[in-house]
Each structure stands twice: as C-alpha cells, then as structure tokens.
Amino acid sequence: MNENNKNPLTENENNEPAKRPSSKRIHTDLSEAYSYFDSKSTTPPPKKDKKKSWLGKIFLLAVIIFGVVMMVNLAESMSSGQKSLGEVLAQLDPLFGTLTIVALLLILLIDAAKYFIAISATTKKAHPLISLKVALLGRYYDNVTPFATGGQPMQIYYLCKKGFSGGLSAAVVFIKYAFNTCAWLFVAAIAMIFGGSALSMVSTGSFLKITGSAGV
C-alpha cells in the first residue's frame, strides 16, 4: 500500500491496525471540553439590586431598634415596686425552685424529641445530639432576637453546617413548626369552648372572646 494512501485511523507506522479510542475516553474528553467552555462563558453575572438590598438592611435595623426600645420600656414599667433578683431568690421555696428547673429541662427534652422524630423520619437515621443542639439553638436565638424571629434561620443554618441539605434542613424545622401550631390551635380551641365562661369575670371579657375566636 502506498504511504500516501494510509489511513491514520486504521494503520500506524508499522502497518498495524490503530487502536480506536474507547467510548469511556471519548466521554471523558467531551466532559472536559464542556466544562472548559462552561468556565469560559462570557455571560455576565446578574447584577444585584442595590436599592432593594439597602431597603432590606434599613428595615431590619428599624425592627431591631423598635424591639430594643419596646423591651427597655417594658423593663422600666415593670421595675417600679418590683423586688430585685437577689430578694426573689432569697424568698424562693427550694421545692418550687427544683420543680421549675425540672420543668425547664422537660420542656427542652420534649422540644428536642420533636426534632429527633422529624430528623429520623426524613433521614432514616438517629441524631439525638444534633436534635438537642437544634432545640437549644432555637430557644436561644428566639429569646435574643426581636419578635422571636432568629431561632428557625439559625436552626436551618446549623443543620446545613452538619451536612444536611438545605431542603431537608428547612423541612425539619417546618415540620416542627407546623405540628406546634396545630397543637396550640387545638389547645386554644378547647380553652375557648370549655373555658370561655372564665372571661365573664373580666371587664373586657367580651372583647377577649371575640379576639380569641378570631385568633383561633
């Protein structure tokens, strides 16, 4: 065969059949090419709306300031004629103090159990320590942020840091919130149905009945 008529795809210099590239190699080369062109994309990134960003920051700052002012006013209104913390602790009955601590621990354990059940149901694995930490984080950030709005975002952030996906983290927190809301609605409805007569002893009982029914 004439050298000029050799097919480079079928023969090499020693007149041996050339090895065809495997499909796996071709797939790898194509993947690398696609990733290269994707990285060289000239599409500019979307620009953030600076006006909306500043409005959100100003609104958040206003909410925080409003919450601080309200808490200061509430503390000042309650401080008149009130006993100091030392006086309260000195007069505290040891039995009631112990019961208070036990009740607080039970509340935290029950709260952690809710997250434990939700996480176990969604991941099919038990995470008792993570569930307890999620419950404690929610309690802490609910008490240090205005209108108790900081607990759930920090819980989702913590679960994401522990390796859970964003959707699963949000689902766990939402499941607990939904069941809590349903439970409180049930208790409120029972109280309004069977305990509404207790409001008749209050001067604003009728108003409370109307607002309570609307709230339920």
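The values are calculated or read from the model by the stated rules, or taken from the named source; none is laboratory data. Bear in mind the structure is a predicted one, so any value in this text is a computation, not a measurement. Backbone-built Cβ (ideal geometry, glycine too); neighbour counts: all protein chains shown. These accessible areas exclude ligands, DNA and RNA; they are computed on the full protein's heavy atoms, side chains included. Shrake-Rupley method; radii C 1.70, N 1.55, O 1.52, S 1.80 Å.
List of remarks:
- Looking only at residues in the stretch 137-171 that are touching an Asp or Glu at 6+ places or on another chain (Cβ under 8 Å) and within 19 Å of Ile110 (Cβ to Cβ), the one that is most open to solvent (accessible area, probe 1.4 Å) is Arg139.
- From Phe174, Phe179, residue being under 29 Å from Pro153 (Cα atoms), in contact with a helix residue (DSSP H, G or I) (Cβ under 8 Å, 6 or more places away or on another chain), of a type in the set (A, V, I, L, M, F, W, C) and surrounded by 13 or more Cβ atoms within 10 Å (Cβ to Cβ): Phe179
- Verdict on Val134 being part of a helix (DSSP H, G or I), open to solvent by less than 90 Å² (accessible area, probe 1.4 Å), at pLDDT below 90 and of a type in the set (A, V, I, L, M, F, W, C): no
- The residue pairs whose first member lies in the stretch 145-168 and is closer than 30 Å to Met71 by Cα and part of a loop (DSSP other than H, G, I, E, B), whose second member is of a type outside the set (D, E, K, R) and open to solvent by less than 70 Å² (accessible area, probe 1.4 Å), and whose beta carbons are closer than 6 Å, counting only pairs six or more residues apart or on different chains, are Gly150/Tyr141.
- Failed item in (1) within 22 Å of Ile110 (Cα to Cα); (2) out of contact with any Phe, Trp or Tyr (no Cβ under 8 Å at 6 or more places or on another chain); (3) of a type outside the set (Phe, Trp, Tyr), with Lys176 passing the rest: (2)
- Qualifying residue in the stretch 193-215 (condition: open to solvent by less than 80 Å² (accessible area, probe 1.4 Å), over 27 Å from Lys133 (Cβ atoms), in contact with a Lys or Arg (Cβ under 9 Å, 6 or more places away or on another chain) and not β-branched (Val, Ile, Thr)): yes
- Some residue of the stretch 84-95 being among the charged types (D, E, K, R), exposed (fewer than 10 other Cβ atoms within 10 Å of the Cβ) and either modelled with pLDDT under 60 or on the phi > 0 side of the Ramachandran plot (or both): no
- Condition check for Ala118 on (1) touching a helix residue (DSSP H, G or I) at 6+ places or on another chain (Cβ under 9 Å); (2) assigned to a helix (DSSP H, G or I); (3) farther than 30 Å from Gly212 by Cβ: one failure, at (3).
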